[in-house]
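Below is one structure; the comments refer to it alone.
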Amino acid sequence: MTLATSLLPDRTDRRVLRTQTALRDAMLSLIAEKGWDALAVQDICERANVGRSTFYVHFQSKEALLNFGLGGLRTGLQEATTGASASRADAKLSLIARGLLEHLHEQRKLARAIIGRRSGQVVYSRFRAMVVELVAAELTPSSKATWQHEANVQMIAGALMGLLTWRVDVPSPPPIDETVRQFETLIAPALRQLAA
């Protein structure tokens, strides 16, 4: 299963799945074209060829649809780390970094629309929150949670977001393998501190 197919929820009703997928895909293509702020529910419905009432059967707002899409991405990344033979936090964080890099490479036009643009602040903020959740899930705090642990989670998530943003903006990005190795180098001191 690819990351793209893992973005879909595990549903038994094919009609529900088809409608939600059409709405999500319409939203993503429109974000790339118009930006988040200019995007209206009606635009999504027209692109997906779905009525407004059908949209509201599935989602309360465009923000709820965005959460659905990011939730699928988060689940796909978590499944990739769970299914991997890696058990150490550094190996799992590398898998998350690789998955995000590959996803943003595949969705480069969309990534450019949301990262670093004012119209993408809502999407960017939610995307960053998802990255923080993924990092925090892989870094088990010591028996007593400290501010240092939270600072390390934020630093590692920030380093990953910085690399993702930079790689989307650079005209000729380095290979994903090299970018993952750079990420591993950047986070090594924080992981050593957490292990101490």
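The values are calculated or read from the model by the stated rules, or taken from the named source; none is laboratory data. These figures come from a predicted structure and were not determined experimentally. In this analysis, Cβ positions are derived from the backbone assuming ideal geometry, glycine residues included, and neighbour counts consider all displayed protein chains. Just the protein is used for accessible areas: all its heavy atoms, side chains included, with ligands, DNA and RNA removed. Shrake-Rupley method; radii C 1.70, N 1.55, O 1.52, S 1.80 Å.
Before moving on, here are some points about what is shown:
- Taking the Cα centre of the stretch 40-196 as origin and assigning +1 to Lys and Arg Cβ atoms and -1 to Asp and Glu Cβ atoms, the resulting dipole is close to 300 debye.
- Relative contact order, whole percent, for the chain stands at 23, derived from Cα pairs under 8 Å and 6 or more residues apart.
- Mean sequence separation of contacting Cα pairs (under 8 Å, at least six apart), scaled by the length of the stretch 92-196, corresponds to a relative contact order of 38 percent.
- Extension gain, L17 back to R192 (0.36 nm per residue minus Cα-Cα distance, nm): 58.7 nm
- Between the beta carbons of E33 and S53, assuming R0 = 30 Å, the FRET efficiency works out to 0.75 to the nearest 0.05.
- For the chain, the solvent-accessible area works out to 54 Å² per residue, with a probe of 1.4 Å and every protein chain left in place.
- Model label points for A40 and T75, set 7 angstrom from Cα along the Cα-to-Cβ axis, are 3.1 nm apart.
- Each of T54, A38, A26 was placed along the dipole of the stretch 18-77 (beta-carbon charges, centred on the mean Cα), and the one lying farthest toward the positive end is T54.
- With DNA, RNA and ligands ignored, accessible area of T146 (1.4 Å probe; Å², nearest 10): 50 Å²
- Aspartates and glutamates with Cα under 12 Å of K34, excluding same-chain neighbours fewer than 8 positions away: D43
- Heavy-atom accessible area order for M155, M130, largest first, 1.4 Å probe: M155, M130
- Placing a label point 7 Å from the Cα of Q148 along the Cα-to-Cβ line, the residues of the stretch 159-196 whose backbone N sits under 18 Å from it are 187-196.
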